[in-house]
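Accompanying notes for the structure given below.
The values are calculated or read from the model by the stated rules, or taken from the named source; none is laboratory data. Not measured: the values here are computed from a predicted model. Note: ideal-geometry Cβ built from the backbone for every residue, glycine included; neighbour counts use all protein chains shown. These accessible areas exclude ligands, DNA and RNA; they are computed on the full protein's heavy atoms, side chains included. Shrake-Rupley method; radii C 1.70, N 1.55, O 1.52, S 1.80 Å.
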Amino acid sequence: MGRQESRRAANARKRMSRRPSRLGTPAGSTAKPDRVADPDAGFPGLLRQVWRRAERTEDLRAALDVLLTLDGHVPADVQLRALNSAQEAALTALRGAATARADSGPSGNPGSVGGAGASGSGAGASGSGGAVRRAAEAGVAGAVAASGPADSEPSAPEAAVRADLGQSGAADSAGGADTPGDRVADAAVAADVVFVGEVGLAANGRVALRVPGGRPLDPRDLVGGVRRVPYDRAALDAYRRELGRVRERNAARAADCRAWLAGQGTEGRRALLDQALEAAVRTAPFVLYQEDTQYTNFRERNTLTGKTLWPGHPDCALGALRDLPLDLWTDQDTQLVVCLTLLIRSAGFGRVEEANGTQLTVDHVAYTLERVRRAYAAVPGVAPVPAAASHRVADLDRLAVALRERRREVSGHAQLYREIHGALMHKVERVAAAPGPAARAREDAVAAHLRARLPLSGRTLADLGRELAAAPGWLAAPHGAFGTGLESLVHETVAASADAFGADFAMSRGMRSLPDLVRALRGENWAAICDWDITHFFCCVVPRPEAAAHFGGSRAALADAAWAMSSRMSYNSWHFVAGNLPREPEVVARDHFVPPVIPDVAYFSDQHHHGHVNNNVRFSVRSPQPVEVDGRRFDGFMDLRLLRCAGEPFGEQDVLAAHRVSGFVARATSLAAALVAAGTGLEVTAFDSDWHWTAVTGTGPAAPGVLAGPDRRAS
């Protein structure tokens, strides 16, 4: 055995750049960066684009459609549910929210998710939900109000539903606002205009409204200017009536939440707070609202424990409630805790992200739970869960618990996945239709590639998996250019997927040393596993050559992008692995997320995440899979990811096919782990920086000082 590397040598190595195009050079030693941040890249640029479009639109309703959907980037219902009570009442009164019909597409988005030429949240013939989803969503929004007795006002989360049904008050009162900017001044002097409001776009992406009696919108909070909105007396009366109903309903909901929490007792409330705090720490970023109070674990203005506020931080809104008597809790905090509890009880921490960007109210949670209930009820062979008797917390709590239990049964009959709308980080659980011709074609293409390059002859992925299980020994032996068959299988599957799915990049991640993991598990050495850094993990990234067009035509820049993705995915493996270990002190103290268990499809992910913005990660599919190692199940141990930098988004059939492909790799990894548990050595040494440079550029290791092409802007 060789001598252990000295600390000095290890530190010197860490100070060297691992970027493929700069291997062998000190990190940070270049005269200038080869990437220049584009001020129009990501979310700020999108918002400026949206406002320019809305400002130029003559018709006010069309302009609001642009704002509510962020010009086709998100479903309108998300933005509608982000409005505070006064704003909701104003839009209802003006009937200006009649842009998002419940039956206007898979996501309730009247515009296509990809803008002109795209095919909604689905993409092409594959669609985004199929028959199960369409059946599940028909009339869901209206059903929220209908699901309980008369004590539930018809307060479906989107005012648009009422507007579409002709129930929103002053039907024609906003007619004078169909001109942009200040040209409404002429209308404002008319005798019937009693108040001139405003609509704008806030820097956080929400629609901003000046309501009757409200102060002018602060330009410092806006992306651009404002459009004027006149109210005549009929609209003002409708607003007053609607606002009164909304306030009465909110007061009743807050009182019900407070009474329900009182019934939990002091220790019960503390347990609920601990659960909510754990959710904030162990899940992806979320931004929630209670009227004008923002609750978030995301970036600069954190108000909840997360990446910025450490557990126990006095500024955490949830932590501050732990020892505070219930009568001193605000109505906002009271509803926050109740709503988080209901969401978590229905499906675990991940359900919280389905409220991202919206007002976290009891009625909106009721809407989410009813949508889920109907989706599950539409799955053949699954008995429907009864609707909630009302929107009272106790009834919704029973529904949430029932849905969580039924979710396990649904998973055995249909594929669950999540839709992610990157601009607002909003996620929605979907129930997929059965695989169709599009999914089968993708699978067949991958299987054909694997038959040609691996010692397997099965016709389908399932056949290949059974054949591999019958004789897995070659996974630990050299194969082709790789030190192990497992490495070869991972690479060939990823390369096949890039072509079969028309992806710009495909990738799959895992752990480098299964023997180290087996030894640590047998010794219950949880601290050792938690102490491993990202170099103990790998990710094989394969870009198609055509993807270089998104990186200035430079293969060197393409290799750097592939390595950046590989490093980030290795971090994801590091971030998930501890979530599978016993809750020992060293595990609890270690930063980790709850491992993902269902696939997802994402639209416009190139908005907030700096790596996604810099490397053009626009549309993606992620399919996580569990792997069994020495008798222990590791959720999210590996995944298959596909991404496109531009063009059409992926659809539901892509998700289904990708999940079959990732399942094949997961089965191979479990078989390799079984070999290791039986005493076979198997290490993954490929897929480092050198490997990605050679694989992408077709040349040997980069010479010191080689740059990744000309200066380029991150976009």
Problem set entry | Surface accessible to a 1.4 Å probe, per residue, for the residues of region 212-260, Å² | 55 Å²
For this session: Indicate the gyration tensor shape class of region 248-374 (rounded, prolate or oblate), computed on the Cα atoms with a ≥ b ≥ c the square roots of the eigenvalues: a/c under 1.5 is rounded; otherwise a/b larger than b/c is prolate and the rest oblate.
Result: rounded
Seminar exercise, completed: Interchain or sequence-distant (5+) residues whose placed amide H lies within less than 5 Å of the amide H of R512 are F537, F538
Problem set entry | Pairwise label distance in nanometres, Q275 with E584, each label 7 Å out on the Cα-Cβ vector | 2.8 nm
Exercise. What is the gain in length, in nm to one decimal, between V194 and R245 on full extension, counting 0.36 nm per residue of separation less the C-alpha to C-alpha distance?
Worked result: 16.2 nm
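Using DSSP, restrict attention to beta bridges with both residues in region 197-274 and report what percent are antiparallel, rounded to the nearest 5.
100 percent
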For this session: Ignoring everything but the protein chains, give the 1.4 Å probe accessible area of W474 in square angstrom, nearest 10.
Result: 50 Å²
For this session: Figure the gain on full extension for R53 and R459 (residue separation times 0.36 nm, minus the Cα-Cα span) and round it to one decimal in nm.
Result: 141.1 nm
Exercise. For region 493-533, list residues with backbone N below 11 Å from a point placed 7 Å from the Cα of E648 toward its Cβ?
Worked result: 502
Problem set entry | Principal axis dimensions, largest first and in whole angstrom, of region 453-592 by Cα | 48, 43, 24
Exercise. Accessible area per residue of region 638-681 at 1.4 Å probe, in Å²?
Worked result: 26 Å²
Exercise. For R220 and T685, what does the FRET efficiency come to when R0 = 51 Å and r is the distance between their Cβ atoms, rounded to the nearest 0.05?
Worked result: 0.40
For this session: Express the accessible area of region 379-504 per residue in Å², computed with a 1.4 Å probe while the remaining protein chains stay in the model.
Result: 39 Å²
For this session: May I ask you to give the percent of accessible area on region 539-634 that is carbon plus sulfur, with a probe radius of 1.4 Å?
Result: 51 percent
Problem set entry | Relative contact order of region 314-373, pairs being alpha-carbon contacts under 8 Å that are 6 or more residues apart, as % | 28 percent
Seminar exercise, completed: Phi-derived 3J(HN,Hα) across region 315-330 with the Karplus relation (6.51, -1.76, 1.60, θ = phi - 60°), rounded Hz, x for Gly and Pro, is 7, 6, 4, 6, x, 5, 8, 4, 10, 8, x, 4, 5, 9, 6, 6
Seminar exercise, completed: With a 1.4 angstrom probe the carbon and sulfur portion of accessible area for region 197-293, in percent, totals 50 percent
Exercise. Carbon and sulfur together cover what percent of the accessible area of region 362-516 at a 1.4 Å probe radius?
Worked result: 53 percent
Problem set entry | Accessible-area order (highest first, 1.4 angstrom probe) of the listed residues H692, H413 | H413, H692
Problem set entry | Accessible-area order (highest first, 1.4 angstrom probe) of the listed residues Y376, Y571 | Y571, Y376
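Considering all alpha-carbon pairs of region 319-394, what whole percent are spaced by more than 19 angstrom? Write out the running numbers ahead of the final one.
On the way: 1246 of 2850 pairs.
For region 319-394, the share of Cα pairs beyond 19 Å comes to 44 percent.
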Exercise. To the nearest 0.05, what FRET efficiency results for R299 and D444 with a Förster distance of 51 Å applied to their C-beta separation?
Worked result: 0.75
